[in-house]
Amino acid sequence: MTPADLSAAIVRVIAALQADGRLAFKDGAGELPTEVVIERPKNREHGDWATNVAMQLAGKFGLNPRAFAELLSSELVSVKGIEKVDIAGPGFINITLSAAAAGELAKAIVDAGPSYGRGKDLAGVKLNLEFVSANPTGPIHMGGTRWAAVGDSLARVFQAQGADVTREYYFNDHGAQIDRFARSLLARARGEAAPEDGYGGAYIQEIADRVLAETAIDILSLPEAEAQEAFRAAGVDLMFGEIRQSLHDFGVDFDVYFHENSLYESGAVDKAIARLRELGHIFEEDGAIWLRSTTFGDDRDRVVIKSDGEAAYIAGDLAYYLDKRSRGFDHCIYMLGADHHGYVQRMMALCAAFGDEPGRNLEILIGQMVNLMRDGEPVRMSKRAGTVVTMEDLVEVVGVDAARYALARSSINSQLDIDLEQLQKKTNDNPVFYVQYAHARTAQVAKNAASLGVERTEFDPALLSHTTESELLAKLSELPRVVAQAAEFREPHRVARYLEEVAGSYHRWYDACRVTPLSGAAVESVHRTRLWLNDAAGVVLRNGLDLLGVSAPERM
């Protein structure tokens, strides 16, 4: 019996009680639930499952929760597969399943395969998820690398809940940083030091050399402005090509690469201002054009077009958000770095200015910094100083799987310290190794079983009665709930931490229960049944790792 099966059984019992008159809506009318929340008790001695449905619904029927729970429990005990029902506290219902009913989950998981753990909470939602979006002035540093791992995992989690997700990269190819980048390239090409406000990393020399080698004309003979523009155009293109390749090699590909510059070239900024003017939220003062954002909770009104005619940064934000909404996205999520906290209030104000609902149409996630540690000391990074720690640096040391897993397994709300030495270890101290090894072990067990004639030709769930089997089944049952909560709370790290718990339960079961018979002994029903449980664990580990963009090796 799966959690969904149990939920459906409880709904049926409530409907039957209402149909025969033992439950009646106190107001004469009401709607019965289509599902109820089923959770694992914190203390497994209290049962296999628990529900607070009595506390949620009792008031609708004019009963106190305890009385409602007693009425419901009296009927649940007769449901096939339910062994015992207890009431705790003011009305919590604890349910213990029979071994056979609990064990049925193993076959259900194997039969479901890749679809196990998926849900429909976000079905029909068209969602735009923007992440990384690093300026094309240098390689992706560790903050952007964290967003690549977390953002892609979050997109996978949303998709597992039925959302139509578009991964988007906002290509910042407009503004002062790009000008500094171009001047830095030109200076290096001339053999000069980088400008005081420019970029000085070794990659600047590499890009400058490539621009000179791949451009047909003699750029250095051009007038200053033309030479700088040539380096800007070619340098940005080359740098962004490297960024896209790095992301692809990291297992992250975007559906849309949106160019900031296009907002100004296409007239999108003017269109956004015109729309806000129609809505009455634009005013002019001191020769500048302003957004009256204080109307929507901002701490001050914002200049959109400066008195000299230049667009302020928020002009692009206005146009970009309106463009996303005009493309039909119900929900726009921006994933931003720790230095963007002050950015949230104005973004929510512009969302409201367009008549949208902050938090529903627009959501902003802020992530904290990442520190790489080696020999107990942080590895410093500075794009301008030239000591850049990049995505490629991390991958070269620990590999894609370990890098992605390490970056995705912690809450984005906390600063993350990554121990490079730990991630290189082939031991249980390394979380990704621990989980991947559990999956590889399920594959090896299945292979050994096949060689000894143990096949999934028989399934008697009542035989899965060992303590470690009950523990493993309980843990495997939680994947759908974990994925749903990871989507709801925007926390893919929940999946990683859950997988580590599954791996622990699986390893304990492996140590206690044999899938294959002892040498010379006959294959029995219990061996064939345990093979289903072994393979169910493999399905859960594989599906969970896939949500994190991490491979599930069959040999290690």
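Throughout, read-outs are computed from the coordinates displayed, never taken from laboratory work. Since this is a predicted model, take the numbers as computed values, not measurements. Here the Cβ is made from the backbone with ideal geometry for all residues, glycine too, and neighbour counts use every protein chain on show.
Per-residue extension of 0.36 nm, minus the Cα-Cα distance of ASP237 and VAL37, leaves a gain of 66.9 nm for this segment. Distance between the pseudo-spin-label points of GLU488 and ARG327 (7 Å out from Cα toward the beta carbon): 2.9 nm.
Only the Cβ atoms of Lys and Arg (+1) and of Asp and Glu (-1) were treated as charged; on that basis the dipole of the chain about its Cα centre amounts to roughly 1720 debye.
At LYS447 and ASP301, where each label point lies 7 Å from the Cα along Cα→Cβ, what is the point-to-point distance in nanometres? Here the modelled spin labels are 7.1 nm apart.
Annotation: amide H-H contacts under 5 Å for ILE418 (H modelled 1.01 Å from N, sequence separation of 5 or more, or interchain): ASN371, LEU372, MET373. Evaluating 6.51 cos²θ - 1.76 cosθ + 1.60 at θ = phi - 60° for every residue in the stretch 285-291, the Karplus couplings come out as 7, 6, x, 10, 9, 10, 9 Hz, glycine and proline recorded as x.
With 25 Å as the limit, the listed pairs LYS84/LYS107; LYS107/LYS475; LYS126/LYS306; LYS60/LYS80; LYS42/LYS84; LYS80/LYS475 have LYS126/LYS306; LYS60/LYS80 beyond it between alpha carbons. Taking 0.36 nm per residue of separation and subtracting the Cα-Cα distance, full extension of the segment from ALA193 to ALA24 would add 52.6 nm.
Shown is the FRET efficiency for VAL397 and LYS84, computed with R0 = 41 Å from the Cβ-Cβ distance and rounded to the nearest 0.05: 0.20.
Would you mind classifying the chain by shape? Square roots of the alpha carbon gyration tensor eigenvalues, ordered a ≥ b ≥ c; an a/c under 1.5 is rounded, otherwise it is prolate if a/b is larger than b/c and oblate if not. Note, shape of the chain comes out oblate. Each Lys or Arg adds one and each Asp or Glu takes one away; over the other residues whose Cβ falls under 13 Å from the Cβ of SER78, this sums to +1. The charge dipole of the stretch 80-141, taken about the Cα centre with unit charges on the Cβ atoms of Lys, Arg (+1) and Asp, Glu (-1), comes to about 140 debye, rounded to the nearest 20.
Please check which bits of the stretch 172-192 a label hung off SER221 would reach, taking the label as a point 7 Å along Cα-to-C-beta and the cut-off as backbone N under 17 Å. Taking a point 7 Å out along Cα→Cβ of SER221, the residues of the stretch 172-192 whose backbone N falls under 17 Å are 190. What is the sum of charges around GLN245, taking Lys and Arg as +1, Asp and Glu as -1, for the other residues whose C-beta is under 11 Å from the C-beta of GLN245? Neighbour charge sum, excluding GLN245 itself: -3. Counting charges near PHE459 (Lys, Arg +1; Asp, Glu -1) among other residues having Cβ under 12 Å from its Cβ returns a value of -2. Residue ranges 13-20, 238-245 sort as 238-245, 13-20 when ordered by packing (mean number of other C-beta atoms within 10 Å per residue, highest first). Taking the simple approach of a point 7 Å from Cα along Cα-to-Cβ for both ASP339 and ARG456, what is their distance in nm? With each label point 7 Å from Cα toward Cβ, the separation is 5.1 nm.
Determine the percent antiparallel among the DSSP beta bridges restricted to the chain, to the nearest 5. Roughly 50 percent of the DSSP beta bridges within the chain come out antiparallel.
The C-alpha atoms of the chain define a longest principal axis, and helix 99-112 lies at about 40 degrees to it. Each Lys and Arg adds +1 at its Cβ and each Asp and Glu adds -1 at its Cβ; summed about the Cα centre, the stretch 197-270 shows a dipole of about 120 debye.
Output the 0 to 90 degree angle, nearest 10, between the alpha-carbon long axis of helix 202-214 and the longest principal axis computed from the alpha carbons of the chain. Roughly 70 degrees, rounded to the nearest 10. In a fully extended conformation the segment linking GLU501 and SER411 would gain 30.7 nm over its present Cα-Cα distance, using 0.36 nm per residue. Rounded to the nearest 0.05, the FRET efficiency derived from the C-beta distance between GLU377 and LYS426 at R0 = 25 Å is 0.60. Rounded to the nearest whole Hz, the Karplus-based 3J(HN,Hα) values (6.51 cos²θ - 1.76 cosθ + 1.60, θ = phi - 60°) of the stretch 418-428 follow the sequence 10, 8, 4, 5, 5, 6, 8, 6, 9, 9, 5, with x at glycine and proline. Can you give me the angle between helix 493-512 and the longest principal axis of the chain, using Cα atoms only, in degrees from 0 to 90, rounded to the nearest 10? For 493-512 against the chain, the angle is about 40 degrees. For LYS324, the aspartates and glutamates whose Cα comes closer than 15 Å to its Cα, not counting residues fewer than 8 places off in the same chain, are GLU130, ASP164, GLU168, ASP255, GLU260, ASP356, GLU357, GLU363.
Since only ALA288, ALA54, ALA353 are under comparison, the one whose Cα sits farthest along the positive direction of the charge dipole of the chain, derived from C-beta charges on Lys, Arg, Asp and Glu, is ALA54.
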